[in-house]
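The block underneath contains the structure these notes are about, expressed in structure tokens.
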Amino acid sequence: MTISHGDDARARILGAVRAGIRRDPANEAEARARVAARIEAHRPNTIPARADLDPAGRVSLFIDQLQKVAGTVTRVARLDEVPAAVVDYMAACNLPMAAGRAPDPLLDRIDWAGAAPLLTLRAGPAEAADEVSVTSAFAGIAETGTLALASGPEHPTTLNFLPETHIVVLPASRVERAYEDVWARLRTERGAPPRTFNLITGPSRTGDIEQQIELGAHGPRRLHVVIVDEV
């Protein structure tokens, strides 16, 4: 019968999987222990040679890789220089001086009203009328110029995708070599992963329309990163 053949095929496939992972059904406890040990070790994969840099080199590589995918960067020395950098960028793009921002402890340390009195910020999730959002990032990844953003009460995910312009404040100390370093940092700093962990490389884009790259297809059409040397 067809069902019998299906059962035979299923048995053969599962048998091949068990053999491949050296799983012995008679010793389930040993198999589970081996899997648990592998997860606990979380050995990193291959790290590209270009990402194996000192901290200064990582930041330079991050900037270079981000600019290759149409992201833009401003670098400032201190956190109190961030408001002026944000205002300058928004003015250059002819954007309204208003934005939704993450209720993030890092951003809370900034005297926005004192340093940028013309800029109106509202803390909380993105709203439909927001043209600009300002957030921090969990980390930057030098290997590909990627931002890693962890969701939570201090970082509503809507801010990453709803506004057409996304401005990210990134401490230079949080630029890692490669993805594996970010996973290790996440385990160390947070233990359990957040509900959502977004990896964003440049503005949103698509090539589906006549094979022409269009920015802003599924999210922000602009991604600007303000790198802060000392936090």
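The values are calculated or read from the model by the stated rules, or taken from the named source; none is laboratory data. As the structure is a computational prediction, the values presented were derived from the model and not from experiment. Don't worry about glycine lacking a Cβ; one is built from the backbone with ideal geometry, like all the others, and counts go over all protein chains shown. Heads up: the accessible areas ignore ligands, DNA and RNA and are worked out on the full protein's heavy atoms, side chains in. Shrake-Rupley method; radii C 1.70, N 1.55, O 1.52, S 1.80 Å.
Numbers at a glance
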{"item": "Pairs, first at pLDDT 95 or above in region 64-79, second part of a helix (DSSP H, G or I), C-beta under 6 Å, six or more apart", "result": "Val73/Ile63; Thr74/Ala85; Val76/Ala85"}
{"item": "Residue within region 209-219 that is at pLDDT 85 or above and part of a strand (DSSP E or B) present", "result": "no"}
{"item": "Selected residue (criterion: modelled with the highest pLDDT) from residues of region 41-59 that are part of a loop (DSSP other than H, G, I, E, B) and under 26 Å from Thr74 (Cβ atoms)", "result": "Asp54"}
{"item": "Scope region 22-59; condition of a type in the set (Gly, Ala, Ser) and surrounded by 14 or more Cβ atoms within 10 Å (Cβ to Cβ); matching residues", "result": "Ala31, Ala51, Gly57"}
{"item": "Any hit, region 89-108, residues being open to solvent by 20 Å² or more (accessible area, probe 1.4 Å), over 28 Å from Pro193 (Cβ atoms), touching a residue at least 24 places away in the same chain (Cβ under 8 Å) and in a helix (DSSP H, G or I)", "result": "yes"}
{"item": "The one condition in (1) at pLDDT 95 or above; (2) open to solvent by 10 Å² or more (accessible area, probe 1.4 Å); (3) of a type outside the set (Val, Ile, Thr) that Leu149 fails to fulfil", "result": "(2)"}
{"item": "Near pairs, Cβ below 7 angstrom, 6+ apart or cross-chain, from region 135-158 (more than 14 Å from Arg101 (Cβ to Cβ) and of a type in the set (Phe, Trp, Tyr)) to any residue that is in a strand (DSSP E or B) and open to solvent by less than 10 Å² (accessible area, probe 1.4 Å)", "result": "Phe138/Ala148; Phe138/Leu149; Phe138/Ala150"}
{"item": "Tally, over region 168-204, of residues that are more than 17 Å from Leu106 (Cα to Cα), open to solvent by less than 20 Å² (accessible area, probe 1.4 Å) and part of a strand (DSSP E or B)", "result": "0"}
